[in-house]
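Q: Here you go, one structure.
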Amino acid sequence: MSAAPVRLGLRENAAQFSLLVAVNAFVGAMVGLERSTLPLIGKQEFGVGSSVAVLSFIVAFGLAKSFTNLGAGALAERVGRRRLLVLGWAFALPVPLLIAVAPSWGWVVAANVFLGINQGLAWSMTVVMKIDLVGPKRRGLALGLNESAGYGGVAVAAALSGWLAADFAARDVLVVAGATVALLALVASALFVRDTSAHVELEQRQSRHESDEQPPTLREVFPSASYREPALRSCSQAGLVNNLNDALAWGVVPLFLAARGASDAEIGLVAGLYPAVWGIGQIWTGHWSDRVGRKPLIVGGMLLQAGALALLAASNASVPIAAAAAAVLGAGTALVYPTLIAAISDAVPPVARAATVGVYRFWRDMGYVVGGVLAGLLADAIDFSATISIVAGLTAASGLWVALDLPRPGQQALPSVPGPGARCRSAGAPVWMRPKCDHERPARP
């Protein structure tokens with residue numbers, strides 16, 4: 001019996017796509033379980049005094065996830081997406097165990113190193129595999145659905161863990177739920193997910209790129225995605241700042257609200273509302289970016305995030321105002337998050353996608369490191385409101401950077417079709433970023 005033919009498209013790959021959506025919801029849930037409770041556990045159970053020390057778990061998480069993203073992107077073409085996905089869930093298994101037996105805060109920080117590796121491998125691979133399945137035409141929608149599922153999982157787990165922590169020990173909630181999620185996701189990934197390398201080869205053949213083209217090395221991709229290419233560097237810096245303010249929402253906002261007398265349930269409401277709006281909104285914004293372009297949504301979303309953080313800083317920790325600010329912050333992030341990855345994917349050929357997305361996700365998740373350190377230092381040196389205001393200013397500046405630096409589609413180093421003897425419009429781009437022009441191709445018999 002012959003295998004089914006490989007085809008690109010959301011409808012054509014609905015079963016595998018839906019399974020990857022479910023797996024990414026589990027990926028998000030692993031992080032969401034910590035959102036409303038772990039900063040408070042650090043203060044209450046382990047007696048951690050400074051904000052820098054409390055937020056050290058975010059720094060550890062961000063460092064582990066960033067470098068794992070980088071390695072996963074470089075290895076995906078060589079090792080295989082599915083293998084890395086399964087490996088990512090294997091790294092999730094020690095997380096609840098370490099938190100369960102932790103005699104000190106350092107063990108919780110170590111658990112978040114494993115969580116960062118899990119997130120870097122599992123989330124990166126679900127992102128790349130969905131892009132592989134759908135092809136170029138509905139890339140924004142695919143990423144919107146992926147990120148919606150992931151942050152929907154974050155939202156549900158954050159709200160439920162905060163609610164359950166009001167009646168049960170917060171650490172017990174994390175341990176039981178975390179072990180359940182990790183085991184279910186590992187089994188689903190190992191038994192039912194299929195690799196997407198054949199879809200990458202098909203898209204490569206259908207594009208204007210050579211089907212036997214080799215993936216670029218990390219040494220080639222890293223400088224282009226970090227600072228050389230405007231279409232990539234502007235997205236990388238925006239991703240970093242986006243996760244910088246996400247680190248603030250994760251680590252500082254619960255402490256900010258608790259310091260003004262908010263209950264665990266109220267903190268869980270605010271912690272869950274932000275990723276809930278973010279997650280739901282991405283279904284629409286990803287599809288919208290396919291129609292109107294990536295740049296308007298990225299710029300508008302970063303500025304909307306800045307406004308939400310300014311409102312939160314001025315709220316005096318009023319729970320209704322904080323909830324409204326969380327909803328607006330979620331809406332701004334929904335505009336930005338899937339659109340950035342889609343913009344990165346638009347700018348490179350299929351064979352370079354995994355490595356380039358890996359570099360982008362490296363810089364994006366370094367935002368957790370920068371945000372954890374910066375927010376912790378500022379919160380200890382001044383106060384929570386001023387810390388949030390400073391991050392709001394950085395977010396607005398990042399949006400303006402994108403407005404000035406991200407090229408419009410017609411300005412990018414994208415495919416062109418010059419006549420014989422003409423110079424390719426994309427000839428200034430790295431070789432792996434551009435297809436061969438017609439006059440560079442061998443004549444067909």
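The values are calculated or read from the model by the stated rules, or taken from the named source; none is laboratory data. All of these numbers come straight from a predicted model, not from anything done at the bench. As a convention, Cβ positions derive from the backbone with ideal geometry for all residues, glycine included, and neighbour counts pool all protein chains shown.
Q: Go through (1) modelled with pLDDT under 90; (2) more than 21 Å from the chain's Cα centre (by Cα); (3) more than 15 Å from residue 174 (Cβ to Cβ) one by one and return the number of the condition residue 44 breaks.
A: Result: residue 44 passes all but (3).
Q: Further question: Wholly within segment 90-188, which helices (runs of 4 or more DSSP H) include no fewer than the required count, namely at least 1 residues that are within 16 Å of the chain's Cα centre (by Cα), within 23 Å of residue 345 (Cβ to Cβ) and of a type outside the set (Phe, Trp, Tyr)?
A: Passing ranges, in order: 105-134, 139-165.
Q: Among the candidates 60, 29, 53, 22, single out the residue that is farther than 17 Å from residue 128 by Cα, of a type in the set (A, V, I, L, M), surrounded by fewer than 24 Cβ atoms within 10 Å (Cβ to Cβ) and at pLDDT 85 or above.
A: The conditions single out 60.
Q: Here's another thing I want to ask about it. For residue 195, which of the numbered conditions (1) under 23 Å from the mean Cα position of the chain (by Cα); (2) in a helix (DSSP H, G or I) fails to hold?
A: (2)
Q: With out of contact with any strand residue (DSSP E or B) (no Cβ under 8 Å at 6 or more places or on another chain) and surrounded by fewer than 24 Cβ atoms within 10 Å (Cβ to Cβ) as the only criterion, which of 312, 374 stands out?
A: Going through 312, 374 in turn, the sole match is 374.
Q: Something else now. Return the only residue of 149, 166, 198, 142 being touching a helix residue (DSSP H, G or I) at 6+ places or on another chain (Cβ under 8 Å), farther than 13 Å from residue 17 by Cβ and touching a residue at least 24 places away in the same chain (Cβ under 8 Å).
A: Every option except 166 fails the conditions.
Q: In addition: Give 232, 244, 240, 257 a once-over and let me know the one that is touching an Asp or Glu at 6+ places or on another chain (Cβ under 8 Å) and part of a helix (DSSP H, G or I).
A: Residue meeting the stated conditions: 257.
Q: Among the numbered criteria (1) surrounded by fewer than 22 Cβ atoms within 10 Å (Cβ to Cβ); (2) under 20 Å from residue 147 (Cβ atoms); (3) not small (Gly, Ala, Ser), which one does residue 43 miss?
A: Of the numbered conditions (1) surrounded by fewer than 22 Cβ atoms within 10 Å (Cβ to Cβ); (2) under 20 Å from residue 147 (Cβ atoms); (3) not small (Gly, Ala, Ser), the odd one out for residue 43 is (2).
Q: Okay, moving on. Within the set of pairs 6+ apart or on separate chains, which have a first residue in segment 301-314 that is under 14 Å from residue 387 (Cα atoms), a second that is small (Gly, Ala, Ser) and surrounded by fewer than 24 Cβ atoms within 10 Å (Cβ to Cβ), and C-beta atoms under 6 Å apart?
A: 306/392; 306/396; 309/392; 310/392; 313/385; 313/389
Q: Failed condition for residue 426, given (1) assigned to a helix (DSSP H, G or I); (2) of a type in the set (S, T, N, Q); (3) modelled with pLDDT under 85, with all others met?
A: Failed condition: (1).
Residue-wise test of (1) among the small types (Gly, Ala, Ser); (2) assigned to a helix (DSSP H, G or I); (3) under 18 Å from the mean Cα position of the chain (by Cα); (4) crowded, with 24+ Cβ neighbours inside 10 Å.
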position	(1), (2), (3), (4)
267	no, yes, no, yes
270	no, yes, no, yes
274	no, yes, yes, yes
277	no, yes, yes, no
304	no, yes, no, no
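Q: Can you tell me which of (1) modelled with pLDDT under 90; (2) within 16 Å of residue 226 (Cα to Cα); (3) buried (at least 24 other Cβ atoms within 10 Å of the Cβ) is the one residue 407 doesn't meet?
A: (3)
Q: Residues being of a type in the set (A, V, I, L, M) and surrounded by fewer than 18 Cβ atoms within 10 Å (Cβ to Cβ): count how many of those fall in segment 63-86.
A: The qualifying residues number 1.
Q: While we're on this one: I'm told residue 338 meets every condition in (1) over 21 Å from residue 199 (Cβ atoms); (2) surrounded by 24 or more Cβ atoms within 10 Å (Cβ to Cβ); (3) not hydrophobic (A, V, I, L, M, F, W, C) except one. Can you identify the failing condition by its number?
A: Result: residue 338 fails condition (1) only.
Q: I'd like the full set of residues that are of a type outside the set (A, V, I, L, M) and either touching a Gly at 6+ places or on another chain (Cβ under 6 Å) or surrounded by fewer than 24 Cβ atoms within 10 Å (Cβ to Cβ) (or both), limited to segment 253-265.
A: Passing the criteria: 260, 261, 263, 264.
Q: May I ask you to say which residue of 197, 148 is of a type in the set (Ser, Thr, Tyr) and farther than 25 Å from residue 273 by Cβ?
A: Exactly one of 197, 148 is of a type in the set (Ser, Thr, Tyr) and farther than 25 Å from residue 273 by Cβ, namely 197.
This table checks each residue for (1) over 20 Å from the mean Cα position of the chain (by Cα); (2) within 15 Å of residue 282 (Cβ to Cβ); (3) part of a helix (DSSP H, G or I); (4) hydroxyl-bearing (Ser, Thr, Tyr).
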residue	(1), (2), (3), (4)
297	no, yes, yes, no
300	no, yes, yes, no
324	yes, no, yes, no
342	no, yes, yes, no
348	no, no, no, no
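Q: In segment 6-65, which residues are in a helix (DSSP H, G or I), touching a residue at least 60 places away in the same chain (Cβ under 8 Å), within 30 Å of residue 204 (Cβ to Cβ) and of a type in the set (A, V, I, L, M)?
A: 19, 20, 21, 22, 23, 25, 27 - these are the residues of segment 6-65 that are in a helix (DSSP H, G or I), touching a residue at least 60 places away in the same chain (Cβ under 8 Å), within 30 Å of residue 204 (Cβ to Cβ) and of a type in the set (A, V, I, L, M).
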